[in-house]
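Single-structure report; data block below.
The values are calculated or read from the model by the stated rules, or taken from the named source; none is laboratory data. Remember, predicted model here, so these are calculated numbers, not experimental data. Neighbour counts run over all protein chains shown; Cβ positions are idealised from the backbone, glycine included. The protein model used for the area step is the full one, side chains on, heavy atoms only, and it has no ligands, DNA or RNA in it. Shrake-Rupley method; radii C 1.70, N 1.55, O 1.52, S 1.80 Å.
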Amino acid sequence: MDLSLTPEQKQIKEMVAEFVDEEVVPRAAEIDKEDEFPADLVGELADLGLMGMPFPEEYGGAGLDYHAYPMALEEISRGSGGLGTIVAAHISLAGNMVYEFGSEAQKEEYLTPLAEGSDIGAFALSEPQAGSDVPAMGTTAEKDGDGYRVDGNKLWISNGSVADTVTLFAKTDPEAGNKGISSFIVRPEEDDGFIVEGTEDKLGDKGCPTAELRFDDMWIPEERLLDEEGAGFVHALKTLNGGRITIAARSVGIAQAALDEATAYAQDREQFGNPISEFQAIQHKLADMDTKTRAARLLMHDAADRKMRGENYVKEAAQAKLRASEVSREVANEGIQIHGGYGYTKDFPAERFYRDAKLNEIYEGTSEVLRNTIANELLA
């Protein structure tokens, strides 16, 4: 793997970093406080071509490789963890489902507006009794004429209350276990029976609405079935595997933000007549924070490189997400410690980084599930 950036990758990284510094960072505290979907910033990301980064230009995407895309998402997450989740759920989950498993007609109709950013996407898999245990889902889709009748509910759906296109998982054959799960394209504005029950009041990840959805006798046409009946479980596993690279990117971005803030604070804050950055204890904290962040970033790019080469990257994606998510929390924690009492207040962003970082260890595969995945791949 060549670790040097291509001219295009460098240009993308610099462009996104400039946008984040000028437009996102000054708004981050407001987004965190108000917890409102930042539609204007998402619109600006779309104008920059960042809402369809890895998708081909023929579908309205930017055609970026899987090094440039995570680098850009890292920068976005450095500015706002919530905005990072909005983009990751939109691209890596909802958009990727249509790109990887949709027909040509489905890509033209549904992927193009997602890639252009005129539509927002959501990925509806989890349920109150079916988080890591996907086959335990209770949502059903029964054949009804030339379509399907859907009943059930979903929980913890990022972008769920603002989405124009939702990729939905439901059981078409409840007796067949994971082979009875299928995936569909749902259009909330068109499909009667699509109900947003509410959104969660979360610890962090503010600005990204996490919704509870209900489907009450919702009918969808059969042309919105992705691929074929019974393929949904495989769709979910493949999509989440790729998504773990982008959650690693979100994690690295938050860790970098916490490191940058702690470094600046340590150089400015004086105690005993000297900046605390001159104290060895603080220097060691900063050194460890930087080393952990760099190592997590390299794991992310290793998984991305294997994906781009068409190699098996299940273990590497799990390792990248596992380590990066834990690093983001560890680095954010040390950032608070360096700030001392100020780090425990909302006057500084250190506490926000910690709240945003914790989510990385939970969604798109908990740390416990990822360790199972890594062990299974290792022992296979």
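Distance distribution note for the chain: the fraction of Cα pairs above 36 angstrom is 21%. Sequence-distant contacts, meaning Cα pairs under 8 Å at least 6 residues apart, place the relative contact order of the stretch 240-380 at 35 percent.
A crude spin-label estimate for the pair N312 and D173, with each label 7 Å from Cα along the Cβ direction, gives 2.6 nm. Computed from the C-beta positions of D151 and Q271, the FRET efficiency with R₀ = 41 Å rounds to 0.10.
Charge dipole of the stretch 1-151 (Cα centre as origin; +1 on each Lys and Arg Cβ, -1 on each Asp and Glu Cβ, all else neutral): 360 debye, rounded to the nearest 20. The largest accessible area among F233, F272 belongs to the first residue in F272, F233, and the rest follow in falling order (1.4 Å probe, all chains). Which percent of the accessible heavy-atom area of the stretch 279-380 goes to carbon and sulfur, probe 1.4 angstrom? After summing per-atom areas, the C and S share lands at 51 percent. Between T291 and L5, full extension at 0.36 nm per residue minus the direct alpha carbon distance yields a gain of 101.0 nm. Taking label positions 7 Å along the Cα-Cβ direction at both E34 and D216, the computed distance is 3.1 nm, reported to one decimal. Summing Cβ point charges (Lys, Arg +1; Asp, Glu -1) relative to the Cα centre of the chain gives a dipole of roughly 1620 debye.
Kindly state, to the nearest 0.05, the FRET efficiency for A136 paired with E108, given R0 = 25 Å and r defined as their beta-carbon distance. Approximately 0.10, to the nearest 0.05.
Solvent-accessible surface of the chain, averaged per residue with a 1.4 angstrom probe and all protein chains in place: 43 square angstrom. Here the stretch 31-114 exposes an accessible surface that is 42 percent carbon and sulfur, computed with a 1.4 Å probe and the other protein chains kept in place. At a Förster distance of 22 Å, what's the computed FRET efficiency of V25 paired with A264, Cβ-Cβ distance as r, to 0.05? Efficiency, from the Cβ-Cβ distance: 0.95.
Computed with a 1.4 Å probe over protein heavy atoms only, the accessible area of R355 comes to about 30 Å².
With a cut-off of 13 Å between beta carbons, the residues surrounding E222 carry a summed charge of -4, where Lys and Arg count +1 and Asp and Glu -1.
Can you tell me, using C-alpha contacts under 8 Å and at least 6 residues apart, the relative contact order of the stretch 3-99 as a whole percent? Computed value for the stretch 3-99: 30 percent relative contact order. Give the distance, in whole Å, between the Cα centre of the stretch 73-125 and the Cα centre of the stretch 235-288. Answer, in whole Å: 27.
Among 156-165, 304-313, sorting by the average number of other beta carbon atoms lying within 10 angstrom of each residue, highest first, gives 156-165, 304-313. Charged neighbours of D356, selected by a Cβ distance under 9 Å, balance to +3 (K, R count +1; D, E count -1). Relative contact order for the chain: 16 percent, from Cα pairs under 8 Å spaced at least 6 residues apart, divided by residue count. The packing ranking of peptides 110-122, 58-70, 83-95, highest mean first, is 83-95, 110-122, 58-70, where packing means the average number of other beta carbon atoms within 10 angstrom of each residue.
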